[in-house]
Each structure stands twice: as C-alpha cells, then as structure tokens.
Amino acid sequence: MVMKKNASPRRVTEEKAASAEEVRAAIDGLSEAQLIRFRRYADRKIKGLGRRGLGRDHMDLLQEAITSTLAGDRHWNKTVDFSQHLLGAMRSIASNWAKKVDLAEARLESELIYQNGEGEEVNPLASVPALNPSPERQASVKQQFEEIQKLLAGDQVALDVFGGLRAEMTGADIQGALGISKTEYETTVKRIYRRARVILG
Amino acid sequence: MEPERQNLEKELCALWDAFAESIVESSDEEVLAEAREEGEDPHETAQRVRSALRDSVKSFQKRRLYEAEQEYQRRITEIYERQHRLPAAPEQRRELLSLVFSRIPAMQAALLTAQHREFSSLTDEDIESYLKQLGELGVLDQLGEPGDKGQ
C-alpha cells in the first residue's frame with residue numbers, strides 16, 4: 001500500500017463527513033496487515049516525538065485519530081481510503097503535539113529572557129543544565145548511533161541515508177543529494193530499520 | 001537544553017520518524033513478515049488494535065451521550081431555577097394559566113388537548129411547571145405582570 005503524505009484533508013463538506021456507524025464499519029473492514037501497520041506506525045511516531053510525546057503511547061495516538069475523526073476535527077472524506085485517512089490523521093496529530101511542546105518551550109524561554117543593565121539579552125535557561133535527557137541517556141543514544149553505524153559498515157547507501165536522517169534532512173532532500181530514487185531510498189530506510197531495531201529496542 | 005544534547009535527541013526522533021514513514025510505504029506482506037520477525041502474532045496484534053479502535057468509537061459515543069444528557073439537565077435546571085414572578089397562591093397561579101389559555105388557545109391545545117388532559121385535572125405542581133415553561137418561552141412576558149392578569 002502506498003500513501004501520499006497529507007492525503008487526508010482536514011476539512012470536507014458535511015455531506016462527505018463520516019458517521020460513527022460508518023467509521024465502525026470501516027474499522028471492521030480493515031485487514032490484519034493494515035491494523036498492524038497502524039500499530040507500528042503509531043509506535044514509531046510516538047518514538048519520533050521523543051520527550052515531546054509527554055508520556056503518550058501508540059494507543060493514545062490511535063485513539064486520538066479515531067476520536068478526532070468522529071468529532072469532526074479531522075473529517076474522513078469517504079473518497080479517501082479509511083486506512084490512508086487514519087495514517088494521515090496520526091501524522092497530523094503527532095505533528096501538532098510536537099509543535100505544541102516546541103511552542104510552549106519557546107514561549108516559556110522567551111518570557112524568561114530579559115535585558116541586563118547594558119542592554120544585552122540574558123537567557124537564564126542557557127546556563128541551566130537540561131533535566132531531561134540526562135547525560136546517561138545522551139551517552140546511550142550516542143553509543144546506539146555508533147553501533148548502528150558499525151552494523152551498516154560496507155553499505156554505503158545506508159550509511160549515507162543514515163547520515164542524512166541524523167542531519168534531519170527530508171526524504172526528498174536525501175534522495176536528491178544522493179541521486180537515488182524514491183524506491184531506493186525507501187528500501188534503504190527499511191534496511192536501516194531492520195539492522196537498527198535490535199539496538200534501538 | 002545544551003545544543004549537543006538536543007541534537008542527539010532530535011536525530012533519534014528524526015530516525016524514528018523516517019522509520020514510521022517507511023512502514024506506510026511497505027507492502028502488506030512486508031508488514032506481516034516484519035511483525036513475525038519481531039516475535040508478534042499478527043492475528044493477535046490485529047485483533048487487539050481492532051478492538052482498541054472499536055472501543056474508541058464506543059467511548060466517543062458514550063461521551064457524546066453523556067454531554068448531551070448533561071446539557072439537557074443543565075437547561076432543565078436553568079428553566080426551573082429561573083425566577084419567574086409567579087403568583088404565590090396556587091389559586092392565583094391556576095387563574096393565571098387559565099388566562100394564558102383564554103388569550104392563547106393554541107397553548108391550551110399544545111399543552112392539554114394534545115396530551116388528552118383536562119384543565120380541571122391539573123395538579124398545583126402541573127400548573128406551576130406549565131407556568132415556568134411558559135415563562136421560559138416568554139409567553140408570560142407578553143401578558144404583562146402576573147399580578148395584573150393582563151388588565
């Protein structure tokens with residue numbers, strides 16, 4: 001199954017909005033592979049939020065996708081496959097959760113910044129060590145990255161894609177920079193995952 | 001957060017996000033194979049997810065029902081708590097309702113005829129309840145002050 005990003009429109013006309021009965025019927029019609037894909041997608045999206053997930057788990061994301069569909073915050077346009085809609089809703093919800101934390105942190109920090117007597121901006125948070133993640137956690141992540149790199153040794157495309165992802169490049173940018181096709185990029189990311197999963201847990 | 005610490009955390013997040021998007025592009029066979037490789041029973045996992053999704057629909061509907069009931073109760077309470085200047089004595093309240101019905105026969109039809117009830121069979125509580133509802137609808141305001149009986 002292939003899905004385009006942001007395939008699920010947030011607003012559709014009322015006559016196209018789905019009822020609870022229609023959503024329930026759509027859930028009943030999902031295949032085992034689709035359901036497992038949701039669970040795995042949600043799990044990885046939550047891990048992709050890191051501490052911005054605020055302790056939520058994959059079930060929270062799945063449930064929110066259903067709830068927001070029924071509440072009309074994310075209408076399901078029935079011309080779009082329900083599976084695609086749900087994945088799009090989860091992507092959008094995860095992105096909003098991340099943005100909210102980023103904004104709150106930025107606001108908090110901006111409220112604390114002041115000008116000293118010499119007109120210079122002082123950020124009290126800049127001198128405060130972050131409580132989370134801990135140095136131990138950071139050391140662990142660093143070690144994980146090193147181990148993944150060792151496992152990818154000899155697979156130059158995988159190493160390059162891994163480097164691009166760590167540099168927070170988009171998939172399209174990585175493809176462009178490495179001159180690889182979308183299919184090759186996707187296959188490589190899956191290859192990285194299969195090798196990295198034992199390390200990342 | 002210190003830049004290096006933040007970057008490592010962000011790098012890890014970016015990696016997981018790419019892994020998430022990669023599964024969107026995976027075929028059904030790949031998804032099922034991956035689950036088996038990681039020791040999952042695909043059938044059992046799928047059932048669990050389906051059940052959780054169904055529960056979400058059920059919870060949403062229950063919450064909606066609860067909210068609707070709460071709203072109904074709130075409005076009913078509001079109607080009964082609103083201070084209408086009704087006559088103090090039951091006889092006067094009965095006279096007032098009779099006046100309303102004589103002035104607006106449609107009200108009598110709606111409240112009594114449709115329910116196959118006779119005016120004389122109404123209890124004092126019925127009368128008070130009807131007057132409060134009529135007050136809520138603004139009917140009593142059209143008649144003027146309860147005490148002056150429209151005169």
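The values are calculated or read from the model by the stated rules, or taken from the named source; none is laboratory data. In this text the structure is predicted, and so the values were computed from the model without any measurement. Reconstructed Cβ throughout: ideal geometry from the backbone, glycine too, with neighbour counts over all protein chains shown.
Some points to look at:
- Within the range A:71-88, being crowded, with 24+ Cβ neighbours inside 10 Å and within 12 Å of A:Ser19 (Cα to Cα) holds for one residue alone: A:Trp76.
- Meets criteria (modelled with pLDDT of 95 or more and of a type in the set (Gly, Ala, Ser)) for A:Ala71: no
- Residue selected from the range A:23-49 under the condition touching a Phe, Trp or Tyr at 6+ places or on another chain (Cβ under 8 Å) and either more than 8 Å from every other protein chain (Cβ to nearest Cβ) or small (Gly, Ala, Ser) (or both), by the criterion farthest from B:Leu32 (Cα to Cα): A:Gly48
- Selection within the range B:39-60 - of a type outside the set (Ser, Thr, Tyr) and more than 7 Å from chain A (Cβ to nearest Cβ): B:Gly39, B:Glu40, B:Asp41, B:Glu44, B:Gln47, B:Arg48, B:Asp55, B:Lys58
- Inter-residue pairs, beta-carbon under 9 Å, first within 7 Å of chain A (Cβ to nearest Cβ) and in the range B:21-36, second in a loop (DSSP other than H, G, I, E, B) and among the acidic types (Asp, Glu), 6+ apart: B:Ala35/B:Asp41
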